[in-house]
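Encoded as structure tokens, the structure appears first; notes follow it.
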Amino acid sequence: MKTKVAAGLTVFLWFVCAFHVVVGLGVNLSDEFPQAMARYYGAQISWTPEFAYIVKPLGAFMIALGFMAGMAARDPFGHPEIVYGFVLLFAMRGLQRLAFQGEIETALNIASTRNMGNAVAFLLLATVLFVLYRAARRSP
């Protein structure tokens, strides 16, 4: 029987899976979707044909990450490297927001307060996933 913590971990990983697959497909199948995602992150981008294409490989990575998150959701303890990989990914994305704050503000016109919020959100995702995984492993 699954503990509540393990069930929470599974739900979290299915959310990560769904988010990555939906975004990956949306980026590859729609011209409007990437623009909506940019607005969601607070970015103001000039949508040149070159830039519109360059996000498509990012979508492929998102789909692959979603697939891996789904594998981990089905058996988190059988795939600890995937779980820890997502912890690392979320932590790095948060730290990138802090390390490259000036570039992000200049290139993408994201306000520093919005960027900080995004950084905190990524770091929170990393922390929650790490804590959930460790707690679920300790649960009987």
List, in order, the whole-Hz ³J(HN,Hα) value for each residue of the range 49-55 obtained from phi through the Karplus relation with A = 6.51, B = -1.76, C = 1.60 and θ = phi - 60°; use x for Gly and Pro. x, 5, 5, 4, 6, 5, 7
A correct Karplus calculation of ³J(HN,Hα) over the range 31-46, with 6.51 cos²θ - 1.76 cosθ + 1.60, θ = phi - 60°, whole Hz and x for Gly and Pro, returns 7, 7, 4, x, 5, 5, 5, 4, 4, 4, 7, x, 8, 10, 10, 7
Which of rounded, prolate, oblate describes the range 4-138, given a ≥ b ≥ c as roots of the alpha-carbon gyration tensor eigenvalues and a/c under 1.5 marking rounded, otherwise prolate only if a/b is larger than b/c? oblate
Per the charge dipole of the chain (beta-carbon charges, Lys/Arg positive, Asp/Glu negative, Cα centre), the residue among W14, T48, A99 reaching farthest to the positive end is W14
With the dipole of the chain worked out from charges on the C-beta (+1 for Lys and Arg, -1 for Asp and Glu) around the Cα centre, which of G26, A111, P76 lies farthest toward the positive end? P76
Explain nothing, just the number: dipole magnitude of the chain about its Cα centre with +1 on each Lys and Arg Cβ and -1 on each Asp and Glu Cβ, in debye rounded to the nearest 20. 680
Once both label points are put 7 Å beyond Cα along the C-beta direction, the Q96-L29 separation in nm becomes 2.5
For the chain, calculate the relative contact order in percent as a whole number, restricting contacts to Cα pairs under 8 Å that are 6 or more residues apart. 35
Which angle from 0 to 90°, rounded to the nearest 10, does the C-alpha axis of helix 4-29 make with the longest principal axis of the chain? 30
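Read-outs throughout are calculated quantities, based only on the coordinates presented, and are distinct from any laboratory measurement. Only a predicted model underlies this, so the values are computations on that prediction, with no experimental measurement involved. Glycine also receives a Cβ, built like all others from the backbone with ideal geometry; neighbour counts cover every protein chain displayed.
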